[in-house]
Every structure is written in C-alpha cells, then in structure tokens.
Amino acid sequence: MNKIFNNKSSYDPGRLRYALTFSNEQTTQNEYGNSEVTVVTSLITKAAKLQIGSYDQYALEAGASMLRNDVYFVIRYRKDWVPEKDMVVECDGKTYKLHAIIELDQPVHYWKLLCIWQG
C-alpha cells in the first residue's frame, strides 16, 4: 500500500483530530502582596487520543488509571516548543496534568504524552 504522505511512524496525520491547549500556571505577587495564580497558554495544537489499557504497565506505574479517564495524547514534534512535565492540558472541556513525555521516533517526529485527568 502506497501512502500519499511521508510519515516515518504509524500515526496518520488524519488521526490528529483533538484540539489541545497547553498551559503553564504562573504565580505572581499583586500590588497588595498576595499571590495570584495565572494560567498562560503556551500552545494550541491537534493530537490523537489513545486510551490507557490494563496492559500498559508504564502508565499504571506513573499513577494513571483506566477508571479516571486518563489518556495518552500523541502530538507532532515542534522545533519551537517542548512540552514540560506538570503542564495543564485541556481537551474537549476536560483538564489534564501532563505526567510523562515519550519520544516515539528517532529522530523525533511525535511525542506521546501521558495525561492524568484532574476532574
């Protein structure tokens, strides 16, 4: 089968259907000396969403749960942006915390991100 796209991994670019928003929480002091937490968006991109299975020992050891709707998101590698652990990830109205970053290819073409649902 000939593919019409040049993709070195098994992820078809058409599978990147979910809109993700990556944010960082920053604490600043206001004029009265109180701390304020602000959320700063660092990237909006498309991703594939993968459910965690009972066979996925890596995810389960990292604290993920199938009962809590924890997921993997797969995003394309970007030169100008790198995901960081504990970033806030929003998708379909749900909020997740980024717990692990896995490089899928060498050289890196995709990142697989383990995200824990925050409820």
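Pairs linking a residue in the range 86-101 that is acidic (Asp, Glu) to a residue that is part of a strand (DSSP E or B) and open to solvent by less than 50 Å² (accessible area, probe 1.4 Å), with Cβ atoms under 6 Å and 6 or more positions apart or on different chains, are 90/21.
Considering the conditions (1) open to solvent by less than 70 Å² (accessible area, probe 1.4 Å); (2) modelled with pLDDT under 85, residue 106 is excluded by exactly one of them, (1).
Please specify each residue of the range 82-100 satisfying the condition of being open to solvent by less than 80 Å² (accessible area, probe 1.4 Å) and β-branched (Val, Ile, Thr). Listed by number, the residues that qualify are 88, 89, 95.
Do we have residue 72 as hydroxyl-bearing (Ser, Thr, Tyr) and surrounded by 17 or more Cβ atoms within 10 Å (Cβ to Cβ) here? Yes.
Residue-wise test of (1) in contact with a Ser or Thr (Cβ under 8 Å, 6 or more places away or on another chain); (2) open to solvent by 30 Å² or more (accessible area, probe 1.4 Å); (3) at pLDDT 85 or above; (4) basic (Lys, Arg).
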residue: 39; (1), (2), (3), (4): yes, yes, yes, no
residue: 46; (1), (2), (3), (4): no, yes, yes, yes
residue: 51; (1), (2), (3), (4): no, yes, yes, no
residue: 61; (1), (2), (3), (4): no, yes, no, no
residue: 66; (1), (2), (3), (4): yes, yes, no, no
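Checked against the criterion of being loosely packed, with under 11 Cβ neighbours inside 10 Å, of a type outside the set (S, T, N, Q) and at pLDDT 90 or above, the range 11-22 contains one or more residues that satisfy it.
Of the residues making up the range 105-119, none is free of Cβ contacts under 8 Å to residues at least 24 places away in the same chain and of a type in the set (Val, Ile, Thr).
The values are calculated or read from the model by the stated rules, or taken from the named source; none is laboratory data. Since the structure is predicted, the reported quantities are computational estimates derived from the model, not experimental observations. Note that we place each Cβ from the backbone using ideal geometry, even for glycine, and neighbour counts take in every protein chain shown. Heads up: the accessible areas ignore ligands, DNA and RNA and are worked out on the full protein's heavy atoms, side chains in. Shrake-Rupley method; radii C 1.70, N 1.55, O 1.52, S 1.80 Å.
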